[in-house]
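Report on the structure given below.
A short reminder: the numbers here are calculations on the coordinates, not readings from a lab. Bear in mind the structure is a predicted one, so any value in this text is a computation, not a measurement. Cβ coordinates were reconstructed from backbone atoms using ideal geometry, including for glycine residues, and neighbour counts include every protein chain displayed.
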Amino acid sequence: GAVVSQHPSRVICKSGTSVKIECRSLDFQATTMFWYRQFPKQSLMLMATSNEGSKATYEQGVEKDKFLINHASLTLSTLTVTSAHPEDSSFYICSATRDPTDEQYFGPGTRLTVT
Amino acid sequence: GQQLNQSPQSMFIQEGEDVSMNCTSSSIFNTWLWYKQDPGEGPVLLIALYKAGELTSNGRLTAQFGITRKDSFLNISASIPSDVGIYFCAGPYAGGTSYGKLTFGQGTILTVHP
């Protein structure tokens, strides 16, 4: 199979703090990982594309200084939401792929609540 | 990115009924993907379509890649309670092939009454 995990599954943090979300490919090496954001009953919106060993590419309108992405190894990418505010509360989902043109395997998502 | 218009937004059906949902775009897509998302989970790929006119089945699910490359539909036959969830169509950005960066439709929320 191709399994992608995310940690934590849920996190609650206070406004102004930072929170890190991990995305791991458990049984394959992922050259590319993608980060999505999903509001309740809405679609997935691509935030950024992360390639191992290089800087992430952010979609238009996504603040790269607020959503820090690191893809330090072929099995791990992290998304850090810095100085979180209540409007950052959302469901964050990552996906991983062996090859940029190959199928993406999605993680189970992380529910972030900022109080 | 390109917009995918998915309809209907939601469906409430009885167990055993057939379901149909579709996705349209103003741009051509070279790949159409259909995903299902269970509550609190990430999407899971149901069917991938790579060729205009292609009709592909996966158990009770059937999907077609429209001949104009601007639409696709997904049918579910003889629905069961575990079909409940959100169904998304998706396709690669800006005429890309296969997967790569994906744009998603708005989703169809399916509720199945036993």
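Tabulated data for the structure shown
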read-out	value
Unsatisfied cross-links (Cα-Cα over 18 Å) in the set A:41/B:36; A:55/B:101; A:66/B:36; A:20/B:36	A:66/B:36; A:20/B:36
Cα-centre dipole for chain A with unit charges at Cβ (Lys and Arg positive, Asp and Glu negative), debye to 20	400 debye
Length gained when the stretch residue A:41-residue A:20 is fully extended (0.36 nm per residue, less Cα-Cα span)	5.2 nm
Reciprocal of mean inverse Cα separation for chain A (Kirkwood radius, Å)	13.9 Å
Antiparallel %, DSSP beta bridges [both residues in chain B], to 5	90 percent
Projected area averaged over orientations for the protein assembly as shown, convex hull of C-alpha atoms, nm²	12.1 nm²
Anisotropy class of chain B from Cα gyration tensor, a/c 1.5 cut	prolate
Distance in nm between pseudo-label sites at residue A:13 and residue B:10 (7 Å out along the Cβ direction from Cα)	3.2 nm
In nm, spacing of pseudo-spin labels at residue B:26 and residue A:54 (7 Å Cα→C-beta vector)	3.1 nm
Cysteines without a disulfide-compatible neighbour (Cβ-Cβ under 4.7 Å), the protein assembly as shown	A:13
Dipole moment magnitude, nearest 20 debye, segment A:37-78 about Cα centre, only Lys, Arg, Asp, Glu C-beta charged	140 debye
